[in-house]
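Structure, as structure tokens:
We did not get these values from a lab; they are worked out from the coordinates using the rules stated. Just so it is clear, the structure is predicted and the values come from calculations on it, not from any experiment. Because the Cβ atoms are built from the backbone with ideal geometry, glycine has one as well, and the counts that use them run over all protein chains shown.
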Amino acid sequence: MTKVGILDDEIVICETLSKYLKELGYHVLDYALNYEEAIELLETNLPDIFLLDINIGGKKSGVDLAKYIRENYNIPLIFISSYSDKETILSAKKVSPNGYLVKPFNKEDLFAAIEIAIGNFSIRTEQNQISSELKLLSDAFFIKQDSLYIKICFNDIYYFKSEGVYVEIYAKSKKYLFRETLLNLNKILPEKSFFQIHRSYIININSIEAVNSDYIVLASTKLPISRTYRDSFLKKLNLI
């Protein structure tokens, strides 16, 4: 069942959306009334698709949340707004939403927007290509640094850290930076050795020095474990 997240600063709208979604057969997560609550929702129970109002009051808008989602998660999003003026549309367009619904809308409009957004997003995701800066081998990969391809063995890697559209590799010999996303890396790294513990980190399980439910230690560095990945990670280590 598709899990749907909602961000809107009006409780009445959230309740109406929840009612529509449940009637349409979707699983509705707790709705968020502001940016901070939406971040918490993402970290505790990642939805399959997010519905976001644009103007939510406070210092940060729905567009700000959309930027955050684009940088850290791989889920489709749909803007829901009472505004359809040029300025609002151009602002929304910058984060490449998968849909835009103008209030008021009915249940059928909502269903069509969600299903088309999920369908198109799935096709786009399947077509994503791994960066040309990375060449994969069975036990290592080459990354392009200036005019050279540098070989990095999986066993020499401590962890990967996301830096926007770039990834930092923390290895035994040195640190490397190249253009890629954690999402794409997660698809190609060997599952028995690497695991994502946070939106910003993929770690080499073989390099772990210590662990609890909140963070791990490797290479004498503490890295946080987010609630989104905690249970599956601890199960991977046979700790729960």
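At a glance:
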| quantity | calculated |
| --- | --- |
| Charge dipole of the chain about the Cα centre (unit charges at C-beta), most positive-ward option of 32, 1, 56 | 1 |
| Footprinting exposure proxy for 227, 199 (fewest neighbouring C-beta atoms within 10 Å first) | 227, 199 |
| Inter-label distance, nm, simple model (7 Å from Cα along the C-beta direction), residue 237/residue 186 | 1.8 nm |
| Out-of-range pairs (alpha-carbon distance over 30 Å; input 187/222; 161/236; 3/93; 60/107; 3/151; 22/222) | 3/151; 22/222 |
| Three-way shape call for region 136-240 based on the alpha-carbon gyration tensor, with the a/c threshold at 1.5 | prolate |
| Residue exposure sequence - 165, 28 - by fewest surrounding Cβ within 10 Å | 165, 28 |
| DSSP-defined beta bridges in the chain - what % are antiparallel, rounded to 5 | 70 percent |
| Calculated FRET efficiency for the pair residue 153/residue 45, C-beta based, R₀ 41 Å, to 0.05 | 0.65 |
| Listed values (1) 0.96; (2) 0.99; (3) 1.02, entry calculated as Rg/Rh (Cα atoms, Kirkwood Rh) | (3) |
| Sequence ranges 215-223, 111-119, ranked by mean other-Cβ count within 10 angstrom, highest first | 111-119, 215-223 |
| Per principal axis, descending, Cα span of region 3-127 in whole Å | 34, 32, 31 |
| Solvent-free Debye scattering, log10 I(q)/I(0), computed from the Cα coordinates of region 51-185 at q = 0.16, 0.18 Å⁻¹ | -0.87, -0.99 |
| Dipole magnitude (debye, nearest 20) for the chain, charges at Cβ of Lys, Arg, Asp, Glu | 900 debye |
| Estimated inter-spin distance, residue 55 and residue 144, nm [label 7 Å along Cα→Cβ] | 4.5 nm |
| Amide H contacts under 5 Å for residue 198, placed H, 5+ residues apart | 226 |
| Note, ³J(HN,Hα) from phi for region 37-45, Karplus 6.51, -1.76, 1.60, rounded to Hz, x at Gly and Pro | 5, 5, 4, 4, 4, 4, 7, 9, 8 |
| Cα centroid separation - region 87-105 against region 178-203, whole Å | 31 Å |
| Per-pair calculated FRET efficiency, R0 = 51 Å: residue 19 and residue 215 via Cβ, rounded to 0.05 | 0.80 |
| 3J(HN,Hα) from dihedral phi, region 88-104, Karplus parametrisation 6.51/-1.76/1.60, rounded to Hz, x for glycine, proline | 5, 5, 5, 5, 5, 4, 4, 9, 6, x, 8, x, 8, 10, 9, 6, x |
| Neighbour-count order for 27, 198, fewest beta carbons within 10 angstrom listed first | 27, 198 |
| C-alpha center-to-center spacing [region 140-169, region 1-43] in angstrom | 38 Å |
